[in-house]
Amino acid sequence: MTHLSPTDPAELAAHGPVIPVIVLERLDDALPMAEALLAGGVRVLEVTLRSNAALPAIERIARALPQAIVGAGTLRGPDDARRAAAAGARFGVSPGYTAALGKACRQLGLPLLPGVATSSELMAALDDGHRFLKLFPAEAVGGLALLKSWASPFADASFCPTGGITPANAPAYLALPNVRCVGGSWLLPGDAVRDGDWARITALASAAQALRGG
Ligand code: 3PG
């Protein structure tokens, strides 16, 4: 992971078909949770900035587990990008795209996987050089049909659909030529994290890592 482009962080998808979307409530869960995912072969971890534990968790994982590629999700503006980079995030993910966020990430050298849901948003992100994007919220905005419709007019774009992706529908997404990987929270069931059932998370990670387009 030495060549993550700020606008085409395609290498994120080279490590496996699924990027786990992580909402962490307890900082002390950060390392065992990351270790459980790593044990299942999942190295790319998106820790969303939706809790007070998120930034210190990113810092902790980045320091203690260099084999993990930890990034920050739910970046909504330049300040989020700055905080994420300062915590040691190796990449950022955003639910939508703004020029201000894109500019801040480029200035920080923080690779960004920006969220888009419409053709106009996609065109704005492409204008700023982003070629690898998150379709969000994938199932709610058209999912497979939308991605198929975008393949021809936006042949230079590829996607990480996120939002409503499950082990059941992931293979159909992964089979599309313009999909590199998918994102999902199903690897981290709330009760498994709460109960410290790390073996279950490792099993879910292994199964996710084995997913292929079908
Ligand atoms: C999110 O931002 O919460 C992700 O899109 C995860 O969605 P999911 O819970 O449907 O996987």
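If you go through the stretch 167-177 and pick out every residue that is open to solvent by less than 40 Å² (accessible area, probe 1.4 Å) and more than 16 Å from the ligand (Cβ to nearest atom), you end up with 1. Of all residues in the stretch 106-131, those satisfying the criterion of being farther than 23 Å from residue 163 by Cα and part of a helix (DSSP H, G or I) are 106, 107, 108, 127. Please name all residue pairs, on different chains or six or more residues apart, with Cβ atoms under 7 Å, provided the first residue is in the stretch 39-55 and is of a type in the set (Val, Ile, Thr) and the second residue is open to solvent by 30 Å² or more (accessible area, probe 1.4 Å). So the pair list comes out as 42/209; 44/15; 48/23. Considering the stretch 25-44, the residues that are touching a strand residue (DSSP E or B) at 6+ places or on another chain (Cβ under 9 Å) and closer than 17 Å to residue 200 by Cβ include one that is surrounded by the fewest Cβ atoms within 10 Å (Cβ to Cβ), namely 38.
Of all residues in the stretch 134-161, how many are away from the ligand (no atom under 12 Å from the Cβ), among the aliphatic types (A, V, I, L, M) and open to solvent by 20 Å² or more (accessible area, probe 1.4 Å)?
Count: 5.
Which one of these is over 21 Å from residue 136 (Cα atoms) and not polar (S, T, N, Q): 9, 78, 20, 32?
On the way: 9 fails: over 21 Å from residue 136 (Cα atoms); 78 fails: over 21 Å from residue 136 (Cα atoms); 20 fails: over 21 Å from residue 136 (Cα atoms).
Of the residues listed, the single one that is over 21 Å from residue 136 (Cα atoms) and not polar (S, T, N, Q) is 32.
Of all residues in the stretch 178-206, those satisfying the criterion of being open to solvent by 60 Å² or more (accessible area, probe 1.4 Å) and either within 21 Å of residue 12 (Cβ to Cβ) or in a strand (DSSP E or B) (or both) are 180, 185. Only one of the numbered conditions (1) within 16 Å of the ligand (Cβ to nearest atom); (2) under 25 Å from residue 31 (Cα atoms); (3) free of Cβ contacts under 8 Å to residues at least 60 places away in the same chain; (4) open to solvent by 40 Å² or more (accessible area, probe 1.4 Å) is not met by residue 164, and that is (2).
The values are calculated or read from the model by the stated rules, or taken from the named source; none is laboratory data. Keep in mind that this is a model prediction, so the values were computed, not measured. Methodologically, a virtual Cβ is constructed for each residue, glycine included, from the backbone with ideal geometry; neighbour enumeration extends over all protein chains shown. What goes into the accessible areas is simple: the full protein's heavy atoms, side chains included, and nothing from ligands, DNA or RNA. Shrake-Rupley method; radii C 1.70, N 1.55, O 1.52, S 1.80 Å.
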